[in-house]
Amino acid sequence: MRQGRGYTPFSCQRILTEHPPGSGESHGCPYRHFSIENLITLLQGTGVTDREVLRGVKEDVEKKRYHIACNRVFEHAHKGAIAQVKEEGSWGAAEMDTIVHPNTYFKRSYLLTNGGKAD
Ligand code: SF4
């Protein structure tokens, strides 16, 4: 969805279904457009080394549940902060929903990392 004249990146659904990147292009979803080996290497490079999580990601991708894999990694990467906002009750159900847009991923990640509140 476009808002005003601003640039809004595609939703995950569009990225996953419609818009494969060409070679040398960097848009697209790593869960959908990377080989499983490259994806696992990428995740390990960003500090996701938990074998259970990586195994889950592999399974999700094999079953074409790309956004589930993405959310699995998100929840793992932020599990401490997520537990905290849950305990404090500072995030409502909407903030806990499955991520379906790259902007949401970025925003939530930022807020959890910086201790901000979802608005
Ligand atoms: S937010 Fe996650 S599922 Fe959506 S495009 Fe980005 S990596 Fe893929």
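The values are calculated or read from the model by the stated rules, or taken from the named source; none is laboratory data. Owing to the predicted nature of the structure, the values given are computational and were not obtained by experimental measurement. No Cβ is skipped: glycine too gets one built from the backbone with ideal geometry, and neighbour counts run over all protein chains shown.
Computed quantities for the displayed model
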item	result
Residues of segment 31-40 satisfying the condition of being surrounded by 12 or more Cβ atoms within 10 Å (Cβ to Cβ) and over 21 Å from Lys79 (Cα atoms)	Arg32, His33, Phe34, Ile36
Hey, Gly28 part of a loop (DSSP other than H, G, I, E, B) and either over 18 Å from Ser11 (Cβ atoms) or touching a residue at least 12 places away in the same chain (Cβ under 8 Å) (or both) or not	yes
Segment 104-119, residues that are touching a helix residue (DSSP H, G or I) at 6+ places or on another chain (Cβ under 6 Å) and assigned to a helix (DSSP H, G or I)	Leu112
Criterion violated by Val53 - all others in (1) surrounded by 11 or more Cβ atoms within 10 Å (Cβ to Cβ); (2) away from the ligand (no atom under 16 Å from the Cβ) satisfied	(2)
Single residue of segment 3-37 satisfying the filter (more than 8 Å from the ligand (Cβ to nearest atom) and of a type in the set (Val, Ile, Thr)) that is modelled with the lowest pLDDT	Thr8
Residues located in segment 82-103, provided they are in a helix (DSSP H, G or I) and buried (at least 17 other Cβ atoms within 10 Å of the Cβ)	Ile82, Val85, Glu95, Pro102
